[in-house]
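The values are calculated or read from the model by the stated rules, or taken from the named source; none is laboratory data. Every value quoted in this text rests on a predicted model; they were computed, and no experiment measured them. Neighbour counts are summed over all protein chains in view; Cβ atoms, including those assigned to glycine, are modelled from backbone coordinates with ideal geometry.
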Amino acid sequence: MTKECPIAQEAAALLARLGVDPAPEAGGRAVRSPISGSVIGHVADTGPEAVENAIAAAARAFAEWRRVPAPRRGEFVRLIGEELRAAKADLGRLVTLEVGKVPSEGEGEVQEMIDICDYAVGLSRQLQGLALPSERPDHRMMEQWHPAGVVAVITAFNFPVAVFSWNAALALVCGDPVIWKPSEKAPLTALAVRTLVARAAARFGGVPAGLVQVLPGGHDVGATLVDDGRVAVVSATGSTRMGRVVGQRVAARFGRAILELGGNNASIVTPSADLDLAVRAIAFGAMGTAGQRCTTLRRLFVHDAVYDALVPRLAKVYAGVTVGNPLEDGVLVGPLIDEAAGEAMSLAIAAARALGATVTGGEAVDVDGCAEACYRRPALVEMAEQVGPMLEETFAPILYVHRYHDLDTAIALQNAVAQGLSSSIFSNDLRETETFLSASGSDCGIANVNMGTSGAEIGGAFGGEKETGGGRESGSDAWKGYMRRMTSAINYGRDLPLAQGVRFDID
Ligand code: NAD
């Protein structure tokens, strides 16, 4: 670790306060802060034998944990929530140092973890099945939800801790052990969460060994979990490229996959839109988290009638937004995760220019003391047609803007991409908003009205269609993804009437 680097020093102090002993991790993969590019820690990859041991331990933990009453399992998650509350400032700050989010977003991510813990505690008393009418006399039918088994959680760098908790809080109350393979770009926050969970486990008492495990490492660690038949559910968050591999491998062994993959999210601005509100929502949706959210706004369809009122205003916001070191006050756009992300952004902008686009922003920004980091001014790219890079997710702050004349065409354009995560419409016309939300409207898993595409709450089911993977996490009935459904018919009579009136008289 570079002793003289203040970010490395702060990360070390935070890790110490959070109870992470960096010593055992020494000698492993270097972890760099995207803020300065400096090394802030080393984390060893998990070796094949340790992965095998972890899966075996989780399988043993399952045999115990599934027998613990669900509300009691909820008590463990409640304690995890308490530990997160106590550590919110430190963990949020570590998120900022490790992935470069501005501090309010770093802390917001931890708040999301707390929220899902609260949600899961209530859920632990509501894992309800149905009682169903039987067609046979003196019979009843019912449905029960039982724990599914070991859940592997593979996460992306951009929500290094929240996505774990969306899965783990539900999985734990559902009766499942969790093995977490964090992003290789953000293992320090994962180690910090591991210590908080361990504290909660110590307070709870009697948590089976191996109930929650964190296995830092790269693709290979994830791939071992994906291929192992003892892992009942693989919840994988990341690129569509990753999901295409993971989904097929889990399907090949008839496991269950929850896939949360890339998005290419769009908003439609109609003639009746409140433009003041739209400008704020678009700015946050497209530039927040430096364009590195799966729900980041990437495409904007603006009606002819408001194009000239809206787009120059947006261009002004883009030109004025403060890009820089997220540790400094007033900065709204921090760094990209690494140089490769910056290169992908430059390539996409060059491709758009070659197609005749008008580009505002997108250039590299020099930030004092951060020469080895990658800072870019967000880009507003006016496109005459939806072609080329506009059809793809570039994980950087590029907003493609396109005019439209009628809503049906705008909705068709919005849906004409491979991904189906998040979408929104800005309109005060009920016919337009209801059309957008109808079966012939947006084809995305998330469709909002008069707000942006990003910033989902934990109470709703989160996820998207098509190449976004089809998985759902977090609220609503997403918990069913972590359980298996059992349908039971019970005969309390003395006869054996067969279903559908079938006769089978053997005497
Ligand atoms: P990534 O696909 O490079 O990596 C994600 C995770 O998958 C990492 O932990 C990685 O080690 C693992 N992985 C990669 N290949 C694997 C394999 N073959 N087997 C098992 N594990 C494998 O993604 P990233 O760059 O970290 O994150 C950015 C991407 O994630 C974007 O596309 C973004 O849209 C997406 N994302 C989606 C959601 C969502 O909820 N839909 C949320 C956050 C991020």
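Annotations for the structure displayed:
- Any hit, segment 199-215, residues being part of a strand (DSSP E or B) and hydrophobic (A, V, I, L, M, F, W, C): yes
- Of the helices (runs of 4 or more DSSP H) lying entirely inside segment 228-342, those containing at least 1 residues that are acidic (Asp, Glu) and surrounded by fewer than 18 Cβ atoms within 10 Å (Cβ to Cβ) span 275-287, 304-320.
- Leu172, sole failed condition from (1) away from the ligand (no atom under 16 Å from the Cβ); (2) under 30 Å from Leu336 (Cα atoms); (3) surrounded by 24 or more Cβ atoms within 10 Å (Cβ to Cβ): (2)
- Under the condition of being in contact with a strand residue (DSSP E or B) (Cβ under 8 Å, 6 or more places away or on another chain), small (Gly, Ala, Ser) and assigned to a loop (DSSP other than H, G, I, E, B), the residues counted in segment 353-372 number 2.
- Candidate set: segment 355-369, residues that are over 18 Å from Arg299 (Cα atoms) and without any contact (Cβ under 8 Å) to a residue 24 or more places away in the chain; chosen: the one surrounded by the fewest Cβ atoms within 10 Å (Cβ to Cβ): Asp366
- Considering only residues in segment 378-409 that are small (Gly, Ala, Ser) and either part of a loop (DSSP other than H, G, I, E, B) or outside the structural domain of Ala344 (by TED's automatic domain parsing) (or both), the one that is surrounded by the most Cβ atoms within 10 Å (Cβ to Cβ) turns out to be Ala396.
- The residue of segment 482-498 that is farthest from Ser165 (Cα to Cα), among those that are assigned to a loop (DSSP other than H, G, I, E, B) and hydrophobic (A, V, I, L, M, F, W, C), is Leu496.
- When segment 202-242 is filtered for residues that are hydroxyl-bearing (Ser, Thr, Tyr) and either more than 6 Å from the ligand (Cβ to nearest atom) or not assigned by TED's automatic domain parsing to the domain that holds Thr46 (or both), the ones remaining, listed by number, are Thr224, Ser235, Thr240.
- Condition met for Ile114 (part of a loop (DSSP other than H, G, I, E, B) and not aromatic (Phe, Trp, Tyr)): no
- Of the residues making up segment 8-65, those that are within 24 Å of the chain's Cα centre (by Cα), assigned to a loop (DSSP other than H, G, I, E, B) and farther than 25 Å from Gly324 by Cα are Asp45, Thr46.
- When Val331, Val323 are checked against the criterion of being over 22 Å from Arg299 (Cβ atoms), aliphatic (A, V, I, L, M) and in contact (Cβ under 8 Å) with a residue 12 or more places away in the chain, a single residue qualifies: Val331.
- All positions within segment 190-201 that are more than 15 Å from the ligand (Cβ to nearest atom) and either basic (Lys, Arg) or under 27 Å from Arg66 (Cβ atoms) (or both): Arg194, Thr195, Leu196, Val197, Ala198, Arg199, Ala200, Ala201
- Scanning segment 218-227 for residues that are surrounded by fewer than 24 Cβ atoms within 10 Å (Cβ to Cβ) and small (Gly, Ala, Ser) yields Gly218, Ala223.
- Failed criterion for Glu465 (all others in (1) among the charged types (D, E, K, R); (2) under 15 Å from Thr295 (Cβ atoms); (3) surrounded by 21 or more Cβ atoms within 10 Å (Cβ to Cβ) hold): (3)
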